[in-house]
1. When the residues of region 132-163 are narrowed to those that are buried (at least 16 other Cβ atoms within 10 Å of the Cβ) and of a type in the set (Val, Ile, Thr), which ends up nearest to ASP100 (Cα to Cα)?
2. Examine region 109-116 for a residue that is of a type in the set (Gly, Ala, Ser) and open to solvent by 30 Å² or more (accessible area, probe 1.4 Å), and state whether such a residue exists.
3. I'd like the residue in region 164-175 that is within 16 Å of the chain's Cα centre (by Cα) and of a type outside the set (Val, Ile, Thr) and, out of all such residues, is surrounded by the most Cβ atoms within 10 Å (Cβ to Cβ).
4. Look at region 123-146 and say how many of its residues are within 21 Å of SER160 (Cα to Cα) and in contact with a Gly (Cβ under 9 Å, 6 or more places away or on another chain).
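The values are calculated or read from the model by the stated rules, or taken from the named source; none is laboratory data. This one's a predicted model, so the numbers in the text were calculated from it and none came from an experiment. Backbone-built Cβ (ideal geometry, glycine too); neighbour counts: all protein chains shown. Protein only, heavy atoms only, side chains kept; ligands, DNA and RNA dropped before computing areas. Shrake-Rupley method; radii C 1.70, N 1.55, O 1.52, S 1.80 Å.
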Amino acid sequence: MNFAHTVRAVGAPIASALLAGTLLLGCSDDPTETDVSPASGIAGQIGQISIRDLFVLGGEGGATIQKGGSAPVYMTLVNSPGEVETLGPSDAPDPNAGTDALTAVSSPQAASVKIIGGPVSLPAGQNVRIGPAAKIVLRGLKQPLNSGDFVAVTLRFKRSGTGSLNAPIQAREGDLQSYSPAP
């Protein structure tokens, strides 16, 4: 079936919408449309922050990380504020307009979680990749971590609030071989 025949078959309004959608695919200037992490994890949204490819790095070649051990958390964060006030009190541009920060991470499956180097700054409209060096580390695991299982991870942001996601545990193999294990 050719395109002209399809237009007559489904009707002009629907075909026009399909054609417009096809032409617009890939033509966006929206920085949230690109991703920079390996497609190993899950996605979610907390306030104005999009979380992409969130995962916990498991053991080498699928090995179990034992109770009491540590495991790094990797993801890409995209800060997409709705409306941004760009002028400060003196009508000068506000360099912090729309910014946010990842201030804390926790998990019921870890005694503690450390953000190495402190909070992660999230400039408006930018992708912030956490990885391939370990920046967020689950410490003092309360149970062994096996590849293919999930870990509840709670992310707290300065402006966007707090939310939890179940992150998959991915074996350190293949494309994830370049990602650092927990320090």
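1. Of everything passing the filter in region 132-163, ILE136 is nearest to ASP100 (Cα to Cα).
2. Among the residues of region 109-116, at least one is of a type in the set (Gly, Ala, Ser) and open to solvent by 30 Å² or more (accessible area, probe 1.4 Å), which makes the answer yes.
3. At the first step, the residues of region 164-175 found to be within 16 Å of the chain's Cα centre (by Cα) are 164-170.
Those still in the list that are of a type outside the set (Val, Ile, Thr) too: 164-168, 170.
Numbers: SER164: 14, LEU165: 20, ASN166: 12, ALA167: 25, PRO168: 18, GLN170: 22.
Checked region 164-175; the qualifying residue surrounded by the most Cβ atoms within 10 Å (Cβ to Cβ) is ALA167.
4. 4
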